[in-house]
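The structure under discussion appears below in the form of structure tokens.
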Amino acid sequence: MWYELLRFAHVIGACVLLGTGAGIAFFMVMSNRSGNPALIAHVAGIVVLADTVFTATAAVLQPVTGYLLTREIGWPLTEGWVLLSLCLYVIVGVFWLPVVLIQLRMRNLAVIAARSGEALPDAYHRLYRIWFAFGFPAFASVLAIVWLMLTRPDLSGWL
């Protein structure tokens, strides 16, 4: 029973990370395309909240449930696909943590532009390009981790 609960929690966490990441990216890109500072400020505010409530919670719980699962099953953390997943998880963090700060700054710049009735400043557009670029390695790494979780390939000859 404990194993099934751990596995369920781990899979739900992976779904939350993948789904929230895709949803946040979609809404940020679509609001940015509007060029409307008020809309961007509103959406960015929701994105920051969603990242805090959903993504951060899942990001903390994933390694905990993963570790408990490996202990329950008896896999060492050095098992090829587990170790690769952990490395990819670090890559996700390296790209996701700055994105959280970038989203906050983008939101603040959009709020200022909306209140003043001015266009978004160049700083906003620079941050958006960084935010957009950082999304690719982070999201690709999450996809790879999910694939590794599902297939658990034998990587003994690779690592």
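The values are calculated or read from the model by the stated rules, or taken from the named source; none is laboratory data. None of the values given here were measured: they were computed from a predicted structure. Ideal geometry is used to build each Cβ from the backbone, glycine not excepted, and the neighbour counts take in all protein chains shown. Areas reflect the complete protein model, heavy atoms only, side chains present, ligands, DNA and RNA absent. Shrake-Rupley method; radii C 1.70, N 1.55, O 1.52, S 1.80 Å.
Before moving on, here are some points about what is shown:
- FRET efficiency for the pair Met30 and Glu72, taken as 1/(1 + (r/R0)^6) with r the Cβ-Cβ distance and R0 = 30 Å, rounds to 0.15.
- Placing a label point 7 Å from the Cα of Leu155 along the Cα-to-Cβ direction, the residues of region 63-88 with a backbone N closer than 11 Å are 78-88.
- Where region 1-107 is the region considered: accessible area per residue in Å², 1.4 Å probe: 56
- Approximate spin-label separation Ala144-Arg129, in nm, with each point projected 7 Å along Cα-to-Cβ: 2.6
- Dipole of the chain [Lys/Arg +1, Asp/Glu -1 at C-beta], most positive-end residue of Ala110, Ala138, Val43: Ala110
- Stokes-Einstein diffusion coefficient of the chain, Kirkwood radius over Cα pairs, 20 °C, 1.002 mPa s, in µm²/s: 127
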